[in-house]
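The values are calculated or read from the model by the stated rules, or taken from the named source; none is laboratory data. Being a predicted model, the structure only gives us computed values, none of them experimental. Heads up, the Cβs are rebuilt from the backbone with ideal geometry, glycines too, and the neighbour counts pull from every protein chain shown. Keep in mind that these areas ignore ligands, DNA and RNA; they rest on the heavy atoms of the full protein, side chains included. Shrake-Rupley method; radii C 1.70, N 1.55, O 1.52, S 1.80 Å.
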Amino acid sequence: ETPWMPRLHTPQDVERHYRETILPERTVFIAETIETPFAGFMALDPGGYITALYCRPRGQGTGSALLRHAKSLRSDWKLWTFEANKSAHRLYEREGFVAVHRTDGDNEEGLRDILYQWSRS
């Protein structure tokens, strides 16, 4: 649960949306650790967007490992994250992503968000 994130859909609807819409059109990587068989996942869009990055538990290096893998596959990536998701900002900025655009919440959740971009120098 994320206190700043409104719940607009049931967990079943979210799962169905990912299974039927998001995942079939993207390359998905799943992270595992000895302690956590499903530590996280990342979905990559062929157009250069990281469309999903989720890790649980957070702070264990899983997100960094997934992002490093994405960066090994191509020389530039973009991703959106909510302005309120401060832990994501820290991760992306630590991994070399730079905020390039902000919105006032023109998304389904009505939350301000930030477009981050990374390019290999």
If we count GluC sites (Glu not before Pro) as exposed when they sit in a DSSP loop and have at most 12 other beta carbons within 10 Å, what is the longest stretch of the chain that avoids them all? 36-107
Where in the chain is the longest stretch that carries no chymotrypsin sites (Phe, Trp or Tyr not before Pro) classed as loop by DSSP and with at most 15 other Cβ atoms within 10 Å? 39-121
Compute the length gained on full extension between Asp76 and Arg56: take 0.36 nm times their separation in residues and subtract their Cα-Cα distance, giving the result in nm to one decimal. 4.7 nm
Relative contact order (%) - the chain, alpha-carbon pairs under 8 angstrom, separation at least six: 18
All other residues with a Cβ under 15 Å from the Cβ of Trp118 taken together, and with Lys, Arg as +1 and Asp, Glu as -1, what is their net charge? +3
Rounded to the nearest 10 Å², what accessible area does Arg120 show when all protein chains are kept and the probe is 1.4 Å? 130
For the pair Arg19 and His101, what calculated FRET efficiency results from E = 1/(1 + (r/R0)^6), where r is the Cβ-Cβ distance and R0 = 35 Å, to the nearest 0.05? 0.75
